[in-house]
1. Open to solvent by 60 Å² or more (accessible area, probe 1.4 Å) and in a helix (DSSP H, G or I): which single residue out of Arg97, Arg124 fits that description?
2. Which members of segment 98-131 meet the condition of being without any contact (Cβ under 8 Å) to a residue 12 or more places away in the chain and either within 18 Å of Pro57 (Cβ to Cβ) or in contact with a Cys (Cβ under 6 Å, 6 or more places away or on another chain) (or both)?
3. Mind checking whether some residue in segment 58-68 is under 28 Å from Glu35 (Cβ atoms), of a type in the set (S, T, N, Q) and either in contact with a helix residue (DSSP H, G or I) (Cβ under 8 Å, 6 or more places away or on another chain) or not in a strand (DSSP E or B) (or both)?
4. In segment 76-89, how many are surrounded by 14 or more Cβ atoms within 10 Å (Cβ to Cβ) and either at pLDDT below 95 or part of a helix (DSSP H, G or I) (or both)?
5. Can you say whether Leu53 is buried (at least 16 other Cβ atoms within 10 Å of the Cβ), in a loop (DSSP other than H, G, I, E, B) and modelled with pLDDT of 90 or more, as far as the supplied structure shows?
6. Looking at Leu138, Leu115, which is the one that is at pLDDT 95 or above and farther than 23 Å from Glu35 by Cα?
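The values are calculated or read from the model by the stated rules, or taken from the named source; none is laboratory data. Predicted, not measured: the structure shown is a model, and the values here were computed from it. Cβ: placed from backbone, ideal geometry, glycine included. Neighbour counts: every protein chain shown. Remember, those area values only see protein heavy atoms, side chains included, never the ligands or the DNA or RNA. Shrake-Rupley method; radii C 1.70, N 1.55, O 1.52, S 1.80 Å.
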Amino acid sequence: MGTTNEGERPPGPPPTGAAFLLAQLGAHAAKLFAERLVELDLTPPQGGLLRLLAGSPGRSQRELADDLGMPPSRFVAFADELERRGLIERRKNPVDRRLYAVHLTDEGGKVLAELRKVGAEHERRMTEGLSEEEREQLTGLLRRLADRQGLSPGVHPGFRSVRAERSGRRAGRQQTASAGDVEADPAP
């Protein structure tokens, strides 16, 4: 594409490709989702853990940390906050008493139900310009691209940068994971 006068770009928006648009929409969607979770006093990674536990209760902390792509040392402190709030509980693993099995509590189930409502509204808002058929087609295409890239279904790659703190602060420092880094799929 040429320029008009000594380095000036022609009028109009710069051309963009699919990768840019995916990144732009992804960052926007993650930011909006994180803002919505503030109402539930959750971060996206916390919501993601609640979803994982609903789908497969009683898993070890190590397994959950691996699924989230989070170092086990960070997972313990991360889970401590949710346990303190009464949303999850750790029980001795009946097969290996050295391990803890992590479960969703009744209160955690109630918060998860609210999280699902928030997720459904988020999905509706992000796809409101599409017909049902177009939404299904887009979802299928994006799923195929994610599979091709080796991404774990339902786990946002931003979980790897999660810190242990719930509020995003520790000793006055901001958490390294921004709102755009993490998002949980609203489905269980």
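1. Values: Arg97 fails: in a helix (DSSP H, G or I).
The unique qualifying residue is Arg124.
2. At the first step, the residues of segment 98-131 found to be without any contact (Cβ under 8 Å) to a residue 12 or more places away in the chain are 98, 106, 110, 113, 117, 124, 127-131.
The answer is Asp106, Lys110, Ala113.
3. As a first pass, look at segment 58-68 and keep what is under 28 Å from Glu35 (Cβ atoms): 64-65, 67-68.
Right, trim to of a type in the set (S, T, N, Q) and you get none.
No, there is no match, as no residue in segment 58-68 is under 28 Å from Glu35 (Cβ atoms), of a type in the set (S, T, N, Q) and either in contact with a helix residue (DSSP H, G or I) (Cβ under 8 Å, 6 or more places away or on another chain) or not in a strand (DSSP E or B) (or both).
4. First, the residues of segment 76-89 that are surrounded by 14 or more Cβ atoms within 10 Å (Cβ to Cβ): 76, 78-83, 85, 87-89.
When the remaining residues are screened for being either at pLDDT below 95 or part of a helix (DSSP H, G or I) (or both), the result is 76, 78-83.
Here the count works out to 7.
5. Numbers: buried (at least 16 other Cβ atoms within 10 Å of the Cβ): yes; in a loop (DSSP other than H, G, I, E, B): no; modelled with pLDDT of 90 or more: yes.
Against the criterion (buried (at least 16 other Cβ atoms within 10 Å of the Cβ), in a loop (DSSP other than H, G, I, E, B) and modelled with pLDDT of 90 or more), Leu53 does not qualify.
6. Leu138
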